[in-house]
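Here's the structure we're looking at; comments come further down.
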Amino acid sequence: MTVQQNITSGKNVWLLPIFVFLGTFAVRFYLAYFSNVITPDGILYIKTAKLIELGESNKLMEFTFIHLYPFFVLLVHKIIPDWELAGRMTSVLMGSLAVIPFFLLIKGIFDIRIAAVSSFFYAISPRLADYSSDVLREPTFWFFSIMALWLAWEGISRGRLLYIVFSSISTGLSAFARIEGIAVFILIFLWIIWYFLKLKPDCRKLALYLFVFIFTIPVLLLPFIFFFSEKLSKWDFGFTILKIWLLLTSKSKESLELTTDIVRVMPPELPTFLDLAKSHKYVIFLSDVILKLVKSINVLFAFLAIFGIFRRKNIPYSRNEVLIAIWFGVFFITAFLYISKVFYFSTRHGLLMGIPMLVWSGIGFFEIKDRIYNWFKRAYPFHFFTRNITISLILAILIIILPKTLFPGGYDKRELKKAGVYLKSMGYSGVRFAGEPCLYRIAFYADSEYSPFLSAKTTDELVDFMRENKADLLIFDKNTNNVFYKNVQNNIDSTTFEKINLPEFEKFREYKISVYRLKNGS
């Protein structure tokens, strides 16, 4: 018996998800230690965790809403003193654990082969690995949402109502992690309806399972709602209701109108995107959703997924596959509605559709493998490649994907971290900086505060802004592509502001950092 046969045999089948988890964890652990600069969102999450630790909830409510991720970061921080590394390791753990319910779900719906390959793609997917090693709340959401889906499948397919209870709880936790938790609720709601109306009709079970799934979380939340009623709206779960209402009632035409102040601080490509959306709204939005979907899962996996959906010969379509279609469809519709109201859609949003797409990528892998095998079997029946086609294709995919996964790029932004660390070493820790929003991360690494300015143009306005926000220093990047901030720098009044001599910044290639302070008497 080969190693592969031994692992996938009935007795040892539990070893496979463990191996997949360990491989997934290893990739993300590596990225966490050899990581790029922290994301802007990550700074907010760490600030939230710090305020929770200090018990300053009133201050916390002034600038953000609460969600689960900072609490997990706070727990990990008890073990890992460095806040950024604690946040990264939280994401590493949650993003890696998510592969276990993902494997078990796909194994239950299809078979162990497709589950193994789809989970392998999850492990090496560049975007999934990158985001699972950063200070982001997405991996926490992935874990609870996929866990909710697996528990729901186990409950309805095995007739175990207790699994539906736990699925409801996990769905609620996913909603406390991200607003998209409401889509997970809709998704499982549709799964239950489809299963007991179409696959195995049973109206009594349909009513019972829906009742348990819908009302488990509200009942369990009643004590929480009672004790924290005044602050509930500040939780992401409570904020979800408000945000959905705003999304449904907002008017796209009005939101597409941009003022001069907004345009000048936006990335240069965004006004063009919104201008095109005025006359071709739905085409532009649909194109952007599809683009971000492909970018999120990688072009190769997208190709395999298309092959797995439309070019099937050896793996028959099954009625269970409707579950994956519903999974993808709910998040696709959610994505389109979101971008049509907010006019922004990132690759992180695209991964919500990308994760179910990896299932079709796994199917596509076996479809292509079988075609190549049949061709080689006719031409070279005893060739080494013919006898080891599966391993050979997996190695080929690793050669193509792994460099992008382990070296995701964007290392130029590490100069922001170097700048912050350097300023801290020069004694500027604890001060408040003011400047272009994209330089926020410099202040984070300097262990300082930051006030981004959006409209100050003249010297007097800059001085007023600094005094109002109690800012000590101005910080600029001369290499910025933003015309507004470039003009502000060029018009700095040397009689009012004094440039600080920081020779280390002269060695930077991507950023030309300049720091100013008010002269005495200004």
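Set the Förster radius R0 to 51 Å, insert the Cβ-Cβ distance between Arg311 and Leu44 as r into 1/(1 + (r/R0)^6), and round the FRET efficiency to 0.05. Walk me through the intermediate numbers first.
Values: r = 44 Å, r/R0 = 0.86.
E between Arg311 and Leu44, to the nearest 0.05, is 0.70.
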Original post:
What list of ³J(HN,Hα) couplings, whole Hz, do you get for the range 134-147 from phi and the Karplus terms 6.51, -1.76, 1.60, once you set θ to phi - 60° and write x for glycine and proline?
Top reply: 10, 8, 9, 8, 4, x, 5, 5, 4, 4, 5, 6, 5, 4
Original post:
Considering only the range 403-522, what is the antiparallel percent among its DSSP beta bridges, to the nearest 5?
Top reply: 55 percent
**OP:** Starting from the Cα gyration tensor of the range 18-143, take the square roots of the eigenvalues, sort them a ≥ b ≥ c, and report rounded, prolate or oblate (rounded when a/c is under 1.5, otherwise prolate if a/b is larger than b/c, else oblate).
**Re:** prolate
Original post:
Kirkwood hydrodynamic radius for the range 305-386: how many Å is it when counted over pairs of different Cα atoms?
Top reply: 14.8 Å
**OP:** Could you bin all the Cα-Cα distances of the range 325-473 into 5 Å bins starting at 0 and give me the percent of pairs in each, rounded to whole numbers?
**Re:** 2, 8, 10, 9, 9, 10, 10, 10, 9, 7, 6, 4, 3, 2, 1, 1, 0
Subject >> Calculated Rg and Dmax of the range 432-472 using C-alpha coordinates, Å >> reply: 10.0, 29
Original post:
Over the range 293-395, what relative contact order in percent results from Cα pairs under 8 Å that are six or more residues apart?
Top reply: 43 percent
Subject >> Three-way shape call for the range 86-236 based on the alpha-carbon gyration tensor, with the a/c threshold at 1.5 >> reply: oblate
**OP:** Would you please classify the overall shape of the range 436-522 from the alpha carbon gyration tensor, given that a ≥ b ≥ c denote the square roots of the eigenvalues, rounded means a/c under 1.5, and beyond that prolate means a/b larger than b/c while oblate covers the rest?
**Re:** rounded
Subject >> Residue-wise HN-Hα coupling along the range 490-505, computed from phi with Karplus coefficients 6.51, -1.76, 1.60 (Hz; x: Gly, Pro) >> reply: 5, 9, 4, 7, 5, 7, 10, 10, 10, 7, 8, 7, 10, x, 4, 5
Original post:
Can you list residues whose amide H is under 5 Å from His67's amide H, if they're 5+ apart or on another chain and H is modeled 1.01 Å from N?
Top reply: Asp236
Original post:
When the Karplus curve 6.51 cos²θ - 1.76 cosθ + 1.60 is applied with θ = phi - 60°, which whole-Hz ³J(HN,Hα) does each residue of the range 467-473 get, with x for Gly and Pro?
Top reply: 5, 5, 9, 6, 7, 8, 9
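Just so you know, all these numbers are worked out from the coordinates, no wet-lab data involved. Note that the coordinates shown come from a computational prediction; the quantities given were computed from them, not determined experimentally. Heads up, the Cβs are rebuilt from the backbone with ideal geometry, glycines too, and the neighbour counts pull from every protein chain shown.
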